[in-house]
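Report on one structure; see the data block that follows.
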Amino acid sequence: ETNADRLKVTVRWVQILDNLEPFFKDKGEFQFRSIVSTGGGVKEERKYPPTGHIAITDQPVFNREILNWVVYEGEVKDNLVIELHGIELDKFTENDMLDVYRREFTGPVESWLGQYGPGDDIAEVQHSDDPEMMGNWRICYRIERA
């Protein structure tokens, strides 16, 4: 018998604000990595796409990529940490790292359920930081019961 809840965390989309490429190159080659930790000591890493990369532009309107990428599905008790890393691959120079996303959830699991994306934390406190709005990319994900 366990008092853990089963949750599923899905990254719905990413939006690239700066593809970290020279002005003449329209699309960046991106890979994403997730690290999800739970209070029970579970730490899961996943990569998207599983092999290769996806090309995403930073041109407005076209810079959002739907992923529907499940980064975690399993038990959680009293703590959940979601970390997302984006890497723009370069052939001739060092790869460029996007800002690291990290958010920790504590307290009742019920309060974690829902969608997290740009703009949803701003209304609560006028001058608060919105964790899903980073300098060079935006993310949107959903936490639901599995």
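The values are calculated or read from the model by the stated rules, or taken from the named source; none is laboratory data. This is a predicted model, so every value here is computed, not measured. As a convention, Cβ positions derive from the backbone with ideal geometry for all residues, glycine included, and neighbour counts pool all protein chains shown. When the accessible area is computed, the model is the full protein with side chains, heavy atoms only, and any ligands, DNA or RNA have been set aside. Shrake-Rupley method; radii C 1.70, N 1.55, O 1.52, S 1.80 Å.
Considered as a group, the residues in segment 108-119 that are part of a loop (DSSP other than H, G, I, E, B) and open to solvent by 20 Å² or more (accessible area, probe 1.4 Å) include one that is farthest from Val14 (Cα to Cα), and that residue is Pro108. The residue that is modelled with the lowest pLDDT, counting only those in segment 93-107 that are over 19 Å from Thr38 (Cα atoms) and open to solvent by 50 Å² or more (accessible area, probe 1.4 Å), is Thr93. Residue under question is Ile66, and the condition is that it be out of contact with any Ser or Thr (no Cβ under 6 Å at 6 or more places or on another chain) and open to solvent by less than 40 Å² (accessible area, probe 1.4 Å); does it hold? Spelling it out, it is not the case that Ile66 is out of contact with any Ser or Thr (no Cβ under 6 Å at 6 or more places or on another chain) and open to solvent by less than 40 Å² (accessible area, probe 1.4 Å). In the condition set (1) in contact (Cβ under 8 Å) with a residue 24 or more places away in the chain; (2) open to solvent by 20 Å² or more (accessible area, probe 1.4 Å); (3) not in a loop (DSSP other than H, G, I, E, B), Gly74 is compliant with all but (2). From the list Val61, Val71, Val36, Val42, pick out the single residue that is farther than 19 Å from Val11 by Cβ and among the β-branched types (Val, Ile, Thr). Of the residues listed, the single one that is farther than 19 Å from Val11 by Cβ and among the β-branched types (Val, Ile, Thr) is Val61. Apart from one condition, Gln59 fits all of (1) farther than 18 Å from Gln115 by Cβ; (2) assigned to a strand (DSSP E or B); the exception is (2). Of all residues in segment 77-92, those being open to solvent by 60 Å² or more (accessible area, probe 1.4 Å) and outside any loop (DSSP other than H, G, I, E, B) number 0.
Here's the yes/no breakdown for (1) free of Cβ contacts under 8 Å to residues at least 24 places away in the same chain; (2) open to solvent by less than 50 Å² (accessible area, probe 1.4 Å):
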site	(1), (2)
Ala4	no, yes
Leu7	no, yes
Val14	no, yes
Leu20	no, yes
Phe30	no, yes
Ser37	no, yes
Lys43	yes, no
His53	no, no
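For first residues located in segment 81-105 and free of Cβ contacts under 8 Å to residues at least 12 places away in the same chain, partners that are part of a strand (DSSP E or B) and lie 6+ apart or on another chain with Cβ distances below 6 Å form the pairs Asn95/Ile87; Asn95/Leu89. When segment 55-71 is filtered for residues that are of a type in the set (A, V, I, L, M, F, W, C) and either touching a residue at least 24 places away in the same chain (Cβ under 8 Å) or in contact with a Phe, Trp or Tyr (Cβ under 9 Å, 6 or more places away or on another chain) (or both), the ones remaining, listed by number, are Ala55, Ile56, Ile66, Leu67, Trp69, Val70, Val71. Filtering segment 121-145 to residues that are more than 16 Å from Ser34 (Cβ to Cβ), in a loop (DSSP other than H, G, I, E, B), open to solvent by 30 Å² or more (accessible area, probe 1.4 Å) and at pLDDT 75 or above leaves only Gly135.
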